[in-house]
Structures are given as C-alpha cells and as structure tokens.
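The structure appears right after this line, and notes come after that.
The values are calculated or read from the model by the stated rules, or taken from the named source; none is laboratory data. In this text, all values refer to a predicted model and were calculated from it rather than measured experimentally. Please note: Cβ atoms are built from the backbone with ideal geometry, for glycine as well, and neighbour counts cover all protein chains shown. Note: accessible area is taken over every heavy atom of the protein model, side chains too, but ligands, DNA and RNA are not part of it. Shrake-Rupley method; radii C 1.70, N 1.55, O 1.52, S 1.80 Å.
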Amino acid sequence: MKSNSKKTFTGAMVYDGGKFRPRDFSIDGGIVASFDKNDDSVEKIDAKGLYIFPGFADVHVHFREPGFSYKETIKTGSMAAARGGYTAVCAMPNLNPVPDDEKSILAEVEIIQRDAKIHVYPYGAITRGQHGKRLADMYGMAPYAVAFSDDGHGVQSDEMMEKAMITAKKLGKVIAAHCEDERYVNGGVINDGRYAKKHGLPGINTISEWGQISRDVGLLDKTGAAYHVCHVSTATSVGVIRRGKNEGYDITCETAPHYLLKNEMMLEDDGRFKMNPPIRSEEDRKALIEGILDGTIDMIATDHAPHTKEEKSKGLLGSLMGVSGLEAAFPTLYTGLVRTGIITLERLTELMCTAPRKRFGLPPINLEVGENADFTIIDLDRKFTIHGDDFLSMGKVTVFEGEEVYGKVVYTAVGGRTAYDEGVL
C-alpha cells in the first residue's frame, strides 16, 4: 500500500453507528475524512469483502519492559498487538522497576514514547513493589497511569485495599484488581477440579478468586470507588459481580478468550495450558458465556503474558504461568462465539473496542468523520491455522496452537499511519 496520507477504502463493510454497513471509507492525514465520497484525486484501495473495525483496545497486557525484555519488549508487544487488530493497550506493572512512583513510571513512559507502534497506556502499581505492604505513590503516578493494579498479586490486606480504593477515588482512577486470596492457592497449578484429581495435580480452588471479589465489593460500599475485576474465570465470580452491579456499585470486569473457549478437560500436560487464574470447569465456562450475554461481563482482554519457550516447556507442574494472546484473540473469538451464533459481530466489537475504551477513559473510536483514524481491516472469510512460531510477539506459546480459525487481520492503522500491513491491499 502506498504511503499517501489520503486514501479511500472502497467496497468494505464499515462499523458505523454500532452496525456494519457497506461504505467507502476515506482518511486524510490521520483523520477519518468522509464516507461514500467520490474523489478521483485520492488513492483508492479495493477492500471489497473486508470489514473495517474501530481499533481494538486491550486493557490487560504484559509487555515485560523494563526488566524482562528477554520475554517481550514494548516494541515487539506493540507490533503483536497491531497484528491482532489492536490500536490501544494498557500495560500491567509487573516490571523491574515496578512502576510504583513518578520516577519509575516515567522510565516506562520513555520507552513507550520511543518504541511503541500503537497507543500503550501504563498501569501504576497499587502497592510498593507489588508486595502488598505499603501503598504506592498513587498521587505521583496519577498523571501517567491509566489505572492502578497489582496484577499478578492479589492485595491480601483488607485495610490496604480500602486505602487504595479511597486514594483512587480521590484521583478519579480505576482500581483494576487481580483477585487471588493466597490462602486458597496452596501451590496449585491448575483448577481444583476433575482434571487435577484425575492426574494427581495440585489445584487452585475457585474461592481464591471469588472470595476476594466478594471482599472488594464489600469495600465498595465504604469507598464508592471505581472497581474493575481482571480475568474473571469462575461462575461464582460472575454471580458476585452481577449482584454488585444490581446493587449500584461502580464495578466492571473482563474475561479472556481462553476462559470463554476452553475448559479444564481440554488440558494437556503442556505449559501452553498453564495460566493464572487457571482454565476452569465447563460449568464455569458456560457461566462466563452467560455473563457476556447478559452484560455482567463488560469486555474481553487477553492477559497477554509472554514467556520464553524454555520457561513454558516444563509441563503443567514446572512451567511459568501465562500465554501469549494478542495475535489469536479476534480469530478465536470470532470463530468460537460469532460464527457459532452465540453473540453478534457487533457485540464482539463492543467487547473488544467500545467498552474497554469507555471504562478506562481511552479516546473513543467510532470511525466518525473528524476522529483519529485508528482502525483495523479484517478478512472474516479467511481461514488459517494458529501457530505460535508465526507470532510477532517474542512469546510463541499459545493455548490455541494448531487450531483452524476464521478472521484474518490484514491491516491496522494508528492515526492513519500503518501499524501492521500483511500486504494484501
């Protein structure tokens, strides 16, 4: 595709007003310029049969830099995100140094400004070093942090979480909670269910997740904070969040593709099936689907957590927790949820774009005239096989390895500038 800043994509199905409609879509200098305008002076690109989406937003990724750049960097992670159709991501703080004050978060911001291929918004930690003992410098980080999280660690102290909520409320920021009560983990490596019992593996009880969510919902009654639950995986969690919403609390949540599409009986003794929280039972999976259908679950995030192949090569017992997700998210969700008739394409767009942007205060992308041209073009009919070795991410391990899916991202733009181009347009 030529680098001309003025382009018209012709014949595509364009997301417009919450629906996909056949339109010609024009951009000029990084801005959505017009629809269906016949201008012979503009470069025209045949996009017939393709779909133009607003750029996806993922509020839960791990880009590993600074501190663990042998797993992933801001550059490689953002390249992977663009290939997955994402134009904005929120990067978790389990780094070295942990972004827990102004100086440390600015070190991350400097790398983002230098290397990111898309919009990357950093989280600030809730506690110093994510150790749960002292509150982080939330005031110093507030101008730079999209929200606050200790992801990878549940905040064990009720008092500490209450202080964090009160401070975040004053700052107008969201607390994004990794809910995990360590008393119920007990060295577990997968869900404490049928597969664990059959194979004699230590399990992680579901109460480790929903117990902390219940605690935090109780704290919302005291604090009035804006609260978001990360990577929801259990049926009881969905129920607790549903009740919290019905009671009027400011609570949202996310789940991830692997929790919606996999259950524990699909596991193999392979590190690509190991993540935290673990893949749960079929009953839990169905409850997550119901949460998507009734609006209890607000958005889908990947929890993109790359590790080296060696770190993921030690089976369920020895491998580190976490898998790469950005480049497989849309096709697996489209194949598993939309093509099967469970949800509509428009609902998937809301879950992957509209809702996360609204909740975390990211710039909205509605593909309207005058807006930034952040968009992705997808061939929904194109079938392909997922292979982690093909990923642009340094993390090559995916739970969806070898699966045939539909929905190939062919082009992604950020502010009208090419972030990913497969070369078919």
Relative contact order [Cα under 8 Å, 6+ residues apart], region 120-254, whole percent
20 percent
Excluding residues on the same chain fewer than 8 positions from K286, give the aspartates and glutamates whose Cα lies under 13 Å from its Cα.
E264, D294
Setting aside same-chain residues fewer than 8 positions from K117, which lysines have a Cα under 24 Å from its Cα?
K2, K6, K7, K71, K75, K103, K358, K396, K408
Kindly work out what percent of the DSSP beta bridges joining two residues of the chain are antiparallel, to the nearest 5.
55 percent
With a Cα-only, solvent-free Debye model of region 1-128, what are the log10 I(q)/I(0) values at q = 0.11, 0.22 Å⁻¹?
-0.52, -1.16
Note to self: C-alpha centroids of region 43-59 and region 117-167 sit apart, in Å, by 35 Å
Share of accessible surface on carbon and sulfur in the chain, whole %, 1.4 Å probe and ligands ignored, is 47 percent
Sorted by packing (mean other beta-carbon atoms within 10 Å per residue), highest first, where do 79-86, 10-17 land?
79-86, 10-17
When only C-alpha pairs under 8 Å and at least 6 residues apart count, what is the relative contact order of the chain, in percent?
19 percent
Sequence-distant or interchain residues sharing an amide H contact under 5 Å with A136, placed H: which?
T127, R128
Distance from region 282-356 to region 212-244 (C-alpha centre basis), Å:
20 Å
Per the helix-only calculation at 222 nm, which mean residue ellipticity applies to the chain, given -39500 (n - 2.57) for every DSSP H run of n ≥ 4 and division by its residues, nearest 500 deg cm²/dmol?
-7500 deg cm²/dmol
Taking the Cα centre as origin and putting +1 on Lys and Arg beta-carbons and -1 on Asp and Glu beta-carbons, what dipole magnitude results for region 112-269, to the nearest 20 debye?
240 debye
Here are labelled values, (i) 1.06; (ii) 0.95; (iii) 2.15, and one is the computed Cα Rg over 2.2 N^0.38 Å for what I pasted. Which one?
(ii)
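Highest first, please rank the peptides 340-349, 63-72 by the mean number of other Cβ atoms sitting within 10 Å of their residues.
Details: 340-349: 15.4, 63-72: 20.5.
Put in order of decreasing packing, that is 63-72, 340-349.
In whole angstrom, how long is each semi-axis of the equivalent ellipsoid of region 248-289, when you take the square root of 5 times every eigenvalue of its Cα gyration tensor and sort them from largest down? Could you put the intermediate results ahead of the total?
Values: eigenvalues 109, 28, 10 Å².
Value: 23, 12, 7 Å, ordered largest first.
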Gain in span if fully extended, E283 to L317, counting 0.36 nm per residue against the direct Cα distance:
9.8 nm
